[in-house]
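Below is one structure, written out as structure tokens, with a few remarks after it.
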Amino acid sequence: MKPSDHPPSRPPSILWPQVWGLASLQAAIALTWVIYNLYLPQLLQQFGFPLTLATILLIVENVLAMLMEPLMGSLSDRTQQTIASRFPFIAVGTILAAAFFVAIPTMLLFGSMPPALPWLLPLLLVSWALAMTVFRSPAMSLLGRYALNRDLPQAASILTLMGGLAAGMAPLAGEYLLGLGPSVTFAIGSLTLLVAAACLRSVNPNRSIEDLSAKTIKPRSSPSRFLSWQNLVLLLSIGCCATLGFRLLMDQFPKMLSLYGLGSNKGPILGAIFLSLALTAFPAGTLATKLGNRAAMILGLAGLGINCLLLPLATSTPLAIGLAIAIGAILSLVNNGTVPLALSLAPVGREGLGTGLYFSGAALANSLFGLFVNSIQTLSPGMGSLLATLMFLAATVLVLLTRMNLRRSSG
């Protein structure tokens, strides 16, 4: 057979080097937030602030994130159209975030300070949180460049894998991180951010799967001037309901464990959720490419709601671990689908805005959780689990509505 007789090689459907580069940044984001949440109460106490300030700070940070995430995503859409790159936001954001992050524990080195100086700590904490919002939406929206639409959940599974492993360090390695001390731990977090950004930069983040597959796929349409506000509101609402459901689930599960005398095993049991999330991410991505992303998300959200109702059955350590593994596996269907869903609902050329609106909804949920945390703490485990189920049910209905809108627009 002549060389010319060989069929042309099939173009790739996923740019794996770029996906892994983006996943490293996702892991760095998750790790720095783990460190921040672990050390926040300790830092505030050392500077003489009440622990209630931690809740206030988190509410303020999330309210600001509600505004900043879609704003930064939208601004990165403009730079993508003008200079064909979102990386300036990623570079500036990670450098600022790393600088603020490593500066937080250095305030402890000053020893005795004038009365006004300790208030620099809350200002520094909020500044770091703001810097994190500069690059997250621009970075995550890049996923749409690295995979064909049908394969986006499979590509997103690598982000879920890396993010799950990093998030699992809170219940599994929290004591170890606290034992390292703030200076070392925050330095590790800052270095991780910078290394992750460098990894993404090294694999040419501006590359697009459509450039390699131009002859075999239909090119995307030109950027639209018109936004479907209905879709964008749905995106924000899905992010809010799904995140609030997960926050309630993670609040009620430990309560249920303590109720059954399993509080001493809380760390490994909760850690099993994140390990299961990471290990099942890739198979869940494969399933989503076959079922369709929306169908997989609906299955996952409904499954999480059912698992919330099963929390009272976690009466022993084996049952609790089994339930935790099931929660993590089902959660992977949801986490794999969030960014692909945002990309599918946003107009072409507005991917950063769509991704930012989903994260804005998640920030809204975190703000509401912090605002009503005292009331939530008074809920019985059964009532809290029911409320989490209702949130997942609402998110399921909202995802169904996006399918109906898609059929209407294509009809």
Problem - Every residue from region 258-280 that is among the aliphatic types (A, V, I, L, M) and at pLDDT 95 or above - result: Ile269, Leu270, Ala272, Ile273, Leu275, Leu277, Ala278, Leu279
Problem - Filter pass, Val102 being of a type in the set (A, V, I, L, M, F, W, C), in a helix (DSSP H, G or I) and in contact with a Phe, Trp or Tyr (Cβ under 6 Å, 6 or more places away or on another chain) - result: yes
Problem - Filter pass, Ser76 being crowded, with 22+ Cβ neighbours inside 10 Å and modelled with pLDDT of 95 or more - result: yes
Handout entry: Residue among Gly245, Gly271, Gly261, Gly267 that is small (Gly, Ala, Ser), out of contact with any helix residue (DSSP H, G or I) (no Cβ under 9 Å at 6 or more places or on another chain) and either in the same structural domain as Phe392 (by TED's automatic domain parsing) or crowded, with 21+ Cβ neighbours inside 10 Å (or both)
Key = Gly261
Fill in the blank from the handout: Among Ile83, Ile90, the single one that is over 23 Å from the mean Cα position of the chain (by Cα) and in the same structural domain as Leu31 (by TED's automatic domain parsing) is Ile83
Exercise for the section: Kindly check whether there is at least one residue in region 130-141 that is within 23 Å of Leu194 (Cα to Cα) and surrounded by fewer than 21 Cβ atoms within 10 Å (Cβ to Cβ). Expected result: yes
Problem - From the options Ala320, Ala326, Ala362, Ala346, residue that is surrounded by fewer than 20 Cβ atoms within 10 Å (Cβ to Cβ) and either outside the structural domain of Tyr146 (by TED's automatic domain parsing) or not aromatic (Phe, Trp, Tyr) (or both) - result: Ala326
Exercise for the section: Say whether the condition of being under 24 Å from Asn62 (Cβ atoms), touching a residue at least 24 places away in the same chain (Cβ under 8 Å) and not in a helix (DSSP H, G or I) is met by at least one residue in region 363-376. Expected result: no
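Within the group Pro153, Pro171, Pro182, which residue is more than 23 Å from the chain's Cα centre (by Cα), surrounded by 18 or more Cβ atoms within 10 Å (Cβ to Cβ) and of a type outside the set (D, E, K, R)?
Working: Pro153 fails: more than 23 Å from the chain's Cα centre (by Cα); Pro171 fails: more than 23 Å from the chain's Cα centre (by Cα).
The match here is Pro182.
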Handout entry: Search result, residues across region 186-197 that are in contact with a helix residue (DSSP H, G or I) (Cβ under 6 Å, 6 or more places away or on another chain) and surrounded by fewer than 20 Cβ atoms within 10 Å (Cβ to Cβ)
Key = Ala187, Leu194
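The values are calculated or read from the model by the stated rules, or taken from the named source; none is laboratory data. Note that this is a predicted model, so its numbers are computed, not measured. Here the Cβ is made from the backbone with ideal geometry for all residues, glycine too, and neighbour counts use every protein chain on show.
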